[in-house]
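S.K.: The structure's right below; bear with me while I get my questions together.
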Amino acid sequence: MTDAAAPSPPPAPVESATATTATPRNDRPDGVVLLAIWYLVLAGGAFFAACVTSIPIGLFSFASHMPGPPRFLGTALFGFGLLFAMACMILLLAVAWGLWHLQEWARVLLLFVSVTHLPFFPIGTAIGVVTLWYMGTHDDVQRAFKTA
């Protein structure tokens, strides 16, 4: 009579290489996350402002029966205003994306954008000062951008 072989233990689980590299960024400071979300909201506001303000300007600039400056002036103002709002939207989207991904260029760009907020008293000044203080003086923020 032959003895049945003892069952072998199941193989040990194998960790895949993607499981260790695909971990979420838990080292992102909370203030950076809030700033990224804030600048994403500001980009949406710039897009909304571009759309809302361009409609009446565009309608009035194309109306031929209205007295006032020539129609090309309204069209030019319409175009420049729309271009400016879209450029601001793209800049703010770039800042939000860069902050979310902890890019060093986004931190520098955020410092520049924060300086442009300072003349808009009181809310813009407060946001600009707090952003400059947070991004410039907190070691954990600077460390997160250096290690990314």
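Rule-based calculations on the coordinates, nothing more; no lab input. If you're wondering where the values come from, they're calculated on a predicted model, not measured in any experiment. Cβ placement follows ideal geometry from the backbone for every residue including glycine, while neighbour counts extend to all protein chains displayed.
S.K.: Go ahead and run the numbers for FRET between Met86 and Ile123, Cβ-Cβ distance against an R0 of 41 Å, rounding to 0.05.
M.R.: 0.95
S.K.: Is the range 91-134 best put as rounded, prolate or oblate by its Cα gyration tensor, with a ≥ b ≥ c the root eigenvalues, rounded for a/c under 1.5, and otherwise prolate when a/b is larger than b/c, oblate when not?
M.R.: Numbers: a/c = 2.56, a/b = 2.04, b/c = 1.26.
In terms of gyration-tensor shape, prolate.
S.K.: Just want the ordering: Trp105, Trp38, from fewest to most Cβ atoms lying within 10 Å of their own Cβ.
M.R.: On the way: Trp105 11, Trp38 16.
Going from sparsest to densest Cβ surroundings: Trp105, Trp38.
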